[in-house]
Amino acid sequence: MVGSTQVPGDKSISHRYAILAALAGGTSDLRNFSTADDCARTLDCLHRLGVEVRSEGDHVTITGVGLDGLRRSWRALDAGNSGTTMRLLAGVLAGQSFRSKLTGDDSLCRRPMHRVIEPLRQMGARIESRDGGLAPLEIHGAPLKAIDYTLPVASAQVKSAVLLAGLLASGTTSVTEPVATRDHTEVALAEFGAEVARNGRTTRVQGHPQLHGQNLTVPGDISSAVFFLAAALILPGSNLMLHNIGMNPTRTAVLDLLSSMGASIRLVGVEMQHGELVGDIAIGHADLVGSVVSGEATAKMIDELPMLAALGPYTEKGIEIRDAAELRVKESDRITAVAGNLRRMGATVEEFPDGLRVTGRSVGRLRGAEIDSFGDHRIAMAFAVAALGAEGPTTIHGSECAAVSFPDFYRLLDRIAER
């Protein structure tokens with residue numbers, strides 16, 4: 001694996017830029033916007049709410065309607081498989097003067113939404129759900145009041161939903177999190193002109209600001225880059241450069257972890273763009289020691305954990321992941337999915353309620369196998385990478401689900417891996 005490539009725009013940032021552009025005055029020009037299906041769902045929902053959205057590849061132009069300019073959609077807003085779309089838009093819709101319905105695919109409608117429903121109800125919205133916290137969500141918007149909310153469980157999406165609702169509330173809304181999570185919402189709010197103040201793990205936003213359209217470029221998604229970093233580490237002789245990757249300090253814990261395991265990672269040309277650090281990453285093959293991921297580190301790397309676990313058999317001492325019960329309520333039960341697929345490939349895995357332990361390479365080389373993606377994009381991509389070092393062919397059933405976050409993943413992986 002030799003050469004260089006770029007990965008798609010960061011999904012998390014793309015969602016947030018699109019939503020804030022819709023709530024701003026004027027036109028926003030967004031480049032390197034994620035082409036993932038998840039982000040397309042956000043754009044579609046905004047369009048159904050009366051926002052003018054023009055999209056051509058990874059270039060998106062949005063003409064904002066202001067905080068009070070959204071219009072009721074007479075059809076349900078379909079978030080597809082995107083939990084980010086559902087949770088963030090729930091915050092925005094809570095403060096509107098009309099009723100909305102948010103739904104999604106079967107997988108999303110099995111994912112709990114009570115953690116976002118509770119604070120929005122405290123702010124004054126009336127939200128009805130299925131079975132005590134499952135989508136579809138019926139949101140009866142209302143004038144919102146500011147609250148001081150402490151998250152019971154760390155979640156960037158819930159934090160963001162409350163902060164977005166805070167834009168429509170009277171007074172100052174604050175959110176305190178138990179563990180620092182990605183701060184793309186706070187950064188984007190400031191870029192669009194909101195009054196944001198941060199003190200430790202508490203963020204405050206002033207209600208009813210004047211937001212202004214922006215011309216912004218979305219950094220490359222580090223959560224997508226991790227799959228290529230892992231592939232380079234697995235394949236002998238690798239020398240790979242990834243360009244224009246987002247280096248937000250709340251997202252780079254995975255780079256620190258890989259370095260501590262023995263990876264040689266070099267950061268090149270890091271600079272600030274629109275409040276986000278961006279740079280290039282150079283990496284090559286390495287013999288990895290292994291690691292234990294727990295506590296705050298788990299929360300900081302929640303999206304990268306499936307790939308890290310699948311790296312376990314390629315390390316000397318294996319990888320153990322704990323405090324990751326949240327993985328059981330993602331697009332799939334990612335703990336069970338990773339454990340089962342690794343066992344099919346010949347790895348030794350011990351599963352816990354909050355994580356798993358994957359034995360290192362002492363048990364022998366992985367073998368190709370029939371892999372179940374469980375319709376989960378990160379499972380499909382993680383095992384496509386793990387298969388690169390396995391003996392014999394691997395078939396990934398439901399592999400097309402990678403398009404949820406990375407439509408071009410297999411083409412890029414194939415192009416780089418064959419070099």
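The values are calculated or read from the model by the stated rules, or taken from the named source; none is laboratory data. Quick caveat: nothing in here was measured; it's all calculated off a predicted structure. All Cβ positions, even for glycine, are placed from backbone atoms using ideal geometry, and neighbour counts span all protein chains on display.
Okay, residues lined up against (1) assigned by TED's automatic domain parsing to the domain that holds Ala402; (2) small (Gly, Ala, Ser); (3) under 24 Å from Ser260 (Cβ atoms):
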{"position": "Ile321", "(1), (2), (3)": "yes, no, yes"}
{"position": "Arg328", "(1), (2), (3)": "yes, no, no"}
{"position": "Thr336", "(1), (2), (3)": "yes, no, no"}
{"position": "Met345", "(1), (2), (3)": "yes, no, no"}
{"position": "Pro353", "(1), (2), (3)": "yes, no, no"}
{"position": "Thr359", "(1), (2), (3)": "yes, no, yes"}
{"position": "Gly364", "(1), (2), (3)": "yes, yes, no"}
{"position": "Asp376", "(1), (2), (3)": "yes, no, no"}
{"position": "Ile379", "(1), (2), (3)": "yes, no, no"}
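Touching a residue at least 24 places away in the same chain (Cβ under 8 Å), out of contact with any Cys (no Cβ under 9 Å at 6 or more places or on another chain) and within 24 Å of Phe409 (Cα to Cα), is that true of Thr217?
Working: touching a residue at least 24 places away in the same chain (Cβ under 8 Å): yes; out of contact with any Cys (no Cβ under 9 Å at 6 or more places or on another chain): yes; within 24 Å of Phe409 (Cα to Cα): yes.
Criteria met by Thr217.
Can you name the residue in the stretch 383-401 that is farther than 18 Å from Ile234 by Cβ and surrounded by 17 or more Cβ atoms within 10 Å (Cβ to Cβ) and is also farthest from the chain's Cα centre (by Cα) among such residues?
The initial filter retains those residues of the stretch 383-401 that are farther than 18 Å from Ile234 by Cβ, namely 395, 397-401.
Those left that are additionally surrounded by 17 or more Cβ atoms within 10 Å (Cβ to Cβ): 399, 401.
On the way: Ser399: 19, Cys401: 15 Å.
The qualifying residue farthest from the chain's Cα centre (by Cα) is Ser399.
Filter the stretch 139-197 down to the residues that are among the β-branched types (Val, Ile, Thr) and out of contact with any Lys or Arg (no Cβ under 8 Å at 6 or more places or on another chain) and list them by number. Give the derivation first.
Pass one, the stretch 139-197, residues among the β-branched types (Val, Ile, Thr): 139, 147, 150, 153, 158, 162, 172-173, 175-176, 179, 181, 185, 187, 196.
Listed by number, the residues that qualify are Ile147, Thr150, Val162, Val187.
Being closer than 22 Å to Gly3 by Cβ, surrounded by fewer than 23 Cβ atoms within 10 Å (Cβ to Cβ) and either in contact (Cβ under 8 Å) with a residue 60 or more places away in the chain or not assigned by TED's automatic domain parsing to the domain that holds Leu413 (or both) is true for just one of Leu311, Leu267, Leu255, Leu235. Which residue is that?
Exactly one of Leu311, Leu267, Leu255, Leu235 is closer than 22 Å to Gly3 by Cβ, surrounded by fewer than 23 Cβ atoms within 10 Å (Cβ to Cβ) and either in contact (Cβ under 8 Å) with a residue 60 or more places away in the chain or not assigned by TED's automatic domain parsing to the domain that holds Leu413 (or both), namely Leu235.
Could you give me the residue pairs with C-beta distances under 7 Å whose first residue belongs to the stretch 8-27 and is farther than 17 Å from Gly57 by Cβ and surrounded by 24 or more Cβ atoms within 10 Å (Cβ to Cβ), whose second residue is modelled with pLDDT under 95 and among the charged types (D, E, K, R) wherever it lies, and which are 6+ apart or on separate chains?
Hits for this filter: Ser12/Arg182.
In the stretch 191-217, what residues are part of a strand (DSSP E or B), of a type in the set (S, T, N, Q) and within 23 Å of the chain's Cα centre (by Cα)?
Those that are part of a strand (DSSP E or B), of a type in the set (S, T, N, Q) and within 23 Å of the chain's Cα centre (by Cα): Thr202, Thr203, Asn215, Thr217.
Could you figure out which of (1) on the phi > 0 side of the Ramachandran plot; (2) in contact (Cβ under 8 Å) with a residue 40 or more places away in the chain; (3) surrounded by fewer than 17 Cβ atoms within 10 Å (Cβ to Cβ); (4) of a type outside the set (Asp, Glu) isn't true of Phe374?
Condition not satisfied by Phe374: (3).
Assess whether Gln214 counts as being touching a strand residue (DSSP E or B) at 6+ places or on another chain (Cβ under 6 Å) and closer than 28 Å to Ile19 by Cα.
So Gln214 passes the test.
Does at least one position in the stretch 72-81 carry a residue that is out of contact with any Asp or Glu (no Cβ under 9 Å at 6 or more places or on another chain), in contact (Cβ under 8 Å) with a residue 40 or more places away in the chain, part of a loop (DSSP other than H, G, I, E, B) and more than 19 Å from Leu20 (Cβ to Cβ)?
yes
Looking only at the stretch 40-69, count how many residues are outside any loop (DSSP other than H, G, I, E, B) and under 19 Å from Gly193 (Cα atoms).
Residues in the stretch 40-69 being outside any loop (DSSP other than H, G, I, E, B) and under 19 Å from Gly193 (Cα atoms): 3 in total.
Every residue in the stretch 119-152 that is surrounded by 15 or more Cβ atoms within 10 Å (Cβ to Cβ), under 22 Å from the mean Cα position of the chain (by Cα) and either outside the structural domain of Ala180 (by TED's automatic domain parsing) or not in a strand (DSSP E or B) (or both), please.
Pro119, Leu120, Gly133, Leu151 - these are the residues of the stretch 119-152 that are surrounded by 15 or more Cβ atoms within 10 Å (Cβ to Cβ), under 22 Å from the mean Cα position of the chain (by Cα) and either outside the structural domain of Ala180 (by TED's automatic domain parsing) or not in a strand (DSSP E or B) (or both).
So which of Thr42, Thr63 ends up being under 20 Å from the mean Cα position of the chain (by Cα) and either closer than 30 Å to Glu128 by Cα or not assigned by TED's automatic domain parsing to the domain that holds Ile283 (or both)?
Going through Thr42, Thr63 in turn, the sole match is Thr42.
Condition check: modelled with pLDDT of 95 or more, closer than 23 Å to Asn244 by Cβ and β-branched (Val, Ile, Thr). Does Thr217 satisfy that?
Yes: the conditions hold for Thr217.
Which count do you get for residues in the stretch 259-302 that are within 30 Å of Ala190 (Cα to Cα) and β-branched (Val, Ile, Thr)?
6
Which numbered condition in (1) modelled with pLDDT of 95 or more; (2) among the β-branched types (Val, Ile, Thr); (3) farther than 26 Å from Lys300 by Cβ is the only one that Val363 fails?
So the condition that Val363 fails would be (1).
Taking Ile245, is it closer than 30 Å to Ala382 by Cβ, surrounded by 16 or more Cβ atoms within 10 Å (Cβ to Cβ) and either of a type in the set (Lys, Arg) or at pLDDT 95 or above (or both)?
yes
For the stretch 339-350, which residues satisfy the criterion of being closer than 15 Å to Gly398 by Cβ and surrounded by 24 or more Cβ atoms within 10 Å (Cβ to Cβ)?
Once the filter is applied, which keeps residues that are closer than 15 Å to Gly398 by Cβ and surrounded by 24 or more Cβ atoms within 10 Å (Cβ to Cβ), the stretch 339-350 yields only Asn341.
With respect to Ala188, determine if the residue is in a strand (DSSP E or B) and of a type in the set (A, V, I, L, M).
Here the answer is no, as Ala188 does not meet what is asked.
Yes/no per residue for (1) of a type in the set (Gly, Ala, Ser); (2) crowded, with 22+ Cβ neighbours inside 10 Å; (3) within 17 Å of Glu351 (Cβ to Cβ); (4) touching a Cys at 6+ places or on another chain (Cβ under 6 Å):
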site: Val278; (1), (2), (3), (4): no, no, no, no
site: Ile283; (1), (2), (3), (4): no, yes, no, no
site: Val289; (1), (2), (3), (4): no, no, no, no
site: Ala297; (1), (2), (3), (4): yes, no, no, no
site: Ile302; (1), (2), (3), (4): no, no, no, no
